[in-house]
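Q: After the structure tokens below, expect a handful of questions from me.
The values are calculated or read from the model by the stated rules, or taken from the named source; none is laboratory data. Remember, predicted model here, so these are calculated numbers, not experimental data. Quick reminder, even Gly has a Cβ in these numbers, built from the backbone with ideal geometry, and neighbours come from all protein chains shown. Heads up: the accessible areas ignore ligands, DNA and RNA and are worked out on the full protein's heavy atoms, side chains in. Shrake-Rupley method; radii C 1.70, N 1.55, O 1.52, S 1.80 Å.
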Amino acid sequence: MEDLSNYRKSYEKSELLESNIPEDPINLFNRWFHEVEDFGGIDEVNAMTVSTIGLNGYPKSRVVLLKKFTSEGFIFYTNYNSEKGKAIANNPNICLSFFWHSLERQVIIQGVAEKTSDVVSDNYFDSRPDGSKLGAIVSKQSEVIPSRNFLENELKKLEMEFENKEIPRPKNWGGFLVKPISVEFWQGRPNRLHDRIRFQLQADFSWKIDRLAP
């Protein structure tokens, strides 16, 4: 057993005050995202944890890459037949979270996921390298497979099949748009008195802003 109670850090890099935030959480997310990107120290600023409620009733979290965010919400791509895709089809209420340690920040997004249009999914799929396209086709994501060699052999077959040919997007692969209903911004502060600002979507599509105790 290892006791981690002495792992301590003082958070002193920034602050989050009501006097310096926009009325829309997407605008604040955009500001924070690019500040973290410019500050450096994180390989993939767009890495986020996606949490779903599985068909077995248990929550499950995994790291995926955010590929786009707009005024509507946050977009990522996956196999719709995967464990993640099936969980979302059964219960579209999911949570996204970002942890940017270089600036001592977290963002937690609760929202409702829906499939993007075929056009959006096609356009993104077409932008991927051929290897990534074939990987999306060959992988029966979340299913049991006999070995690594099995996967690599299946990929070689596809490489021969699609040599010098256009690679189409499989219909069971595409995007999810997560439309936020709650966005919480967490900024580390000294003495564990962290700043927590929560935006909650209202019936008139405005955002209610609250400060939460740390």
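Q: Apply the Karplus parameterisation 6.51 cos²θ - 1.76 cosθ + 1.60, with θ equal to phi minus 60°, to every residue of the stretch 52-58 and state each ³J(HN,Hα) to the nearest whole Hz, in sequence, with x for glycine and proline.
A: Coupling constants for the stretch 52-58: 10, 9, x, 5, 8, x, 9 Hz.
Q: Could you grab the relative contact order for the chain? Cα pairs under 8 Å, six or more apart, rounded to a whole percent.
A: Worked out over the chain, it gives 24 percent.
Q: Where does the charge balance sit around residue 167 when Lys and Arg score +1, Asp and Glu -1, over other residues with C-beta under 12 Å from its C-beta?
A: -3
Q: Evaluated at 20 °C with a viscosity of 1.002 mPa s, what Stokes-Einstein diffusion coefficient in µm²/s does the stretch 90-139 have when Rh comes from the Kirkwood expression over alpha-carbon pairs?
A: Here the translational diffusion coefficient equals 154 µm²/s.
Q: Using only the alpha-carbon atoms of the stretch 1-127, report the extent along each of the three principal axes, biggest first, to the nearest angstrom.
A: Principal-axis extents of the Cα atoms in the stretch 1-127, largest first: 44, 43, 28 Å.
Q: Quick one: helix 25-39 against the long Cα principal axis of the chain, what's the angle to the nearest 10°, folded into 0 to 90?
A: 80
Q: In addition: Once you have the Kirkwood Rh of the stretch 170-214 from its Cα pairs, apply Stokes-Einstein at 4 °C and 1.567 mPa s and quote D in µm²/s.
A: Taking Rh from Cα pairs, D becomes 100 µm²/s.
Q: From the residues 59, 71, 134, which one has its Cα farthest along the dipole of the chain in the positive direction, the dipole being from +1 and -1 charges on Cβ of Lys/Arg and Asp/Glu about the Cα centre?
A: Of the options given, the answer is 59.
Q: For a bin width of 5 Å, list the pair-distance distribution of the stretch 71-175 built from all Cα-Cα distances, rounded to whole %.
A: 2, 10, 18, 18, 18, 14, 11, 6, 3, 0
Q: Any chance you could run the full-extension gain for residue 148 through residue 15? It's 0.36 nm times the residue separation minus the Cα-Cα distance, nm to one decimal.
A: 43.2 nm
Q: Before I look further, what does the stretch 63-214 give for accessible area per residue, probe 1.4 Å, in whole square angstrom?
A: I get 56 Å² per residue for the stretch 63-214.
Q: Can you bin every Cα-Cα distance in the chain into 10 Å intervals starting at zero and give me the percent of pairs per bin, rounded to whole numbers?
A: With 10 Å bins starting at 0, P(r) equals 7, 27, 31, 21, 10, 3, 0.
Q: Using a Gaussian network for the chain with springs between C-alpha atoms less than 10 Å apart, which of these wobbles most: 128, 189, 198?
A: Evaluated over the chain, the most mobile residue of the options is 128.
Q: If you average 1/r over every pair of different alpha-carbon atoms in the stretch 132-192 and take one over that average, what Kirkwood value in Å do you get?
A: 15.5
Q: Using helices alone, I'd like the mean residue ellipticity at 222 nm for the chain: each DSSP H run of four-plus residues gives -39500 (n - 2.57), total over residue count, nearest 500.
A: One gets -8000 deg cm²/dmol as the mean residue ellipticity at 222 nm.
Q: What does the charge add up to near residue 155, with Lys and Arg as +1, Asp and Glu as -1, over the other residues with Cβ less than 14 Å from its Cβ?
A: Cβ neighbours under 14 Å give a net charge of -1.
Q: Using θ = phi - 60° and the Karplus relation 6.51 cos²θ - 1.76 cosθ + 1.60, list the HN-Hα couplings for the stretch 206-212 in order, rounded to whole Hz, with x at every Gly or Pro.
A: Each residue of the stretch 206-212 in turn: 7, 10, 8, 10, 10, 9, 9 Hz.
Q: Carbon and sulfur together cover what percent of the accessible area of the chain at a 1.4 Å probe radius?
A: 49
Q: Further, regarding this structure: Using only Cα atoms and rounding to the nearest 10 degrees, what angle (0 to 90) does helix 118-127 make with the longest principal axis of the chain?
A: 80
Q: List the chymotrypsin sites (Phe, Trp or Tyr not before Pro) in the stretch 130-214 that DSSP assigns to loop (not H, G, I, E or B) and whose Cβ has at most 13 other Cβ atoms within 10 Å. Which are they?
A: 205
Q: Between residue 35 and residue 90, what FRET efficiency comes out of the Förster formula 1/(1 + (r/R0)^6) with R0 = 30 Å and r the beta carbon distance, rounded to 0.05?
A: Step by step, r from the Cβ atoms, then E = 0.25.
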